DNA sequence: CATGTTCCCTGAGGGC
DNA sequence: TGCCCTCAGGGAACAT
């Protein structure tokens, strides 16, 4: 599931192919993703030079010298393949550079999206307007979490998943960060002590950094057409490990709430 | 406003 | 072998 670290890894993988290059060809195979592809996507991108890439929350950003920024979201199942050796079902968008490098956006579930946003307005673009701070940025830390959690009755897990509280976390890294900080997912946000909240802020950052590092170490897999991501999965402490032993020896539990699985250790997390 | 629920979508995997 | 069922979950929309 592409969360912040997977998108960051993706952007880092796209950068060597796209940065400074001119987009020579754009092919939209089907446009009914989460939102329809911009009808004029091809016109606006073809011939444009990529001036840089970036990321905001779980969105990848591709800036061009035409004043447009291409904003993509990978949804649940999206990924970019680099120089694919064959066309696959669900290759919805193809991009070719002036060097002949090719990119294919493959997204079976079509929960992802591709938008063109005027670069000057990207920060205020609808989905970005209410986003909380980047967890790896300077404005995120113990103070921010304390302010956001104060007086809240909602479970810590729900608050961390709320993109307005902090941007870019998904189910996997929320479960991992809460375990690292020793906080039960169901604990009300307002009933977590200051020191514990500071530990949570640290945990969020370190789990994301570790995942990005793991993604970087397997970057070659990212470009392999048949490769699965699997970046950080070997380092999961609780996610996907129901019934297995936590590091403390206690059996890891799973609970489904409104269709989402929560994994936690009842001994380490209170 | 805060919180909780549903829906969208397709492929993988388990049970029989 | 094949069919049916459940599950995966971000984010928008809707309900409470």
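The values are calculated or read from the model by the stated rules, or taken from the named source; none is laboratory data. Quick caveat: nothing in here was measured; it's all calculated off a predicted structure. Note: ideal-geometry Cβ built from the backbone for every residue, glycine included; neighbour counts use all protein chains shown.
Scanning region A:145-178 for residues that are surrounded by 24 or more Cβ atoms within 10 Å (Cβ to Cβ) and under 13 Å from the mean Cα position of the chain (by Cα) yields a total of 5. Among the residues of region A:99-125, those that are over 18 Å from the mean Cα position of the chain (by Cα) and loosely packed, with under 13 Cβ neighbours inside 10 Å comprise A:99, A:100, A:118, A:120, A:121, A:124. On inspection, residue A:186 passes the criterion of being more than 16 Å from DNA strand C (Cβ to nearest atom) and either touching a strand residue (DSSP E or B) at 6+ places or on another chain (Cβ under 6 Å) or not assigned by TED's automatic domain parsing to the domain that holds residue A:232 (or both). Taking residue A:131, is it crowded, with 17+ Cβ neighbours inside 10 Å and not in a loop (DSSP other than H, G, I, E, B)? So residue A:131 does not fit the description; no.
Selection of region A:94-127 for residues being free of Cβ contacts under 8 Å to residues at least 24 places away in the same chain and touching a strand residue (DSSP E or B) at 6+ places or on another chain (Cβ under 6 Å) yields only A:102. Counting only strands (runs of 3 or more DSSP E) that sit wholly inside region A:1-90, those with at least 3 residues that are more than 22 Å from the chain's Cα centre (by Cα) are A:23-28. Looking across region A:248-270, the residues that are touching a strand residue (DSSP E or B) at 6+ places or on another chain (Cβ under 9 Å) and not in a loop (DSSP other than H, G, I, E, B) come down to A:251, A:253, A:254, A:255, A:256, A:257, A:261, A:262, A:263, A:264. Taking region A:155-172 as the range and being more than 9 Å from DNA strand B (Cβ to nearest atom) and assigned to a loop (DSSP other than H, G, I, E, B) as the test, the residues that pass are A:163, A:165, A:166, A:167, A:168, A:169, A:170.
Residues that are within 14 Å of DNA strand C (Cβ to nearest atom) and in contact with a helix residue (DSSP H, G or I) (Cβ under 7 Å, 6 or more places away or on another chain): does region A:134-145 have at least one? Checked against the condition, which is being within 14 Å of DNA strand C (Cβ to nearest atom) and in contact with a helix residue (DSSP H, G or I) (Cβ under 7 Å, 6 or more places away or on another chain), region A:134-145 yields at least one hit.
Taken over region A:181-203, the criterion of being in contact (Cβ under 8 Å) with a residue 40 or more places away in the chain, loosely packed, with under 15 Cβ neighbours inside 10 Å and more than 16 Å from DNA strand B (Cβ to nearest atom) is satisfied by A:194 alone.
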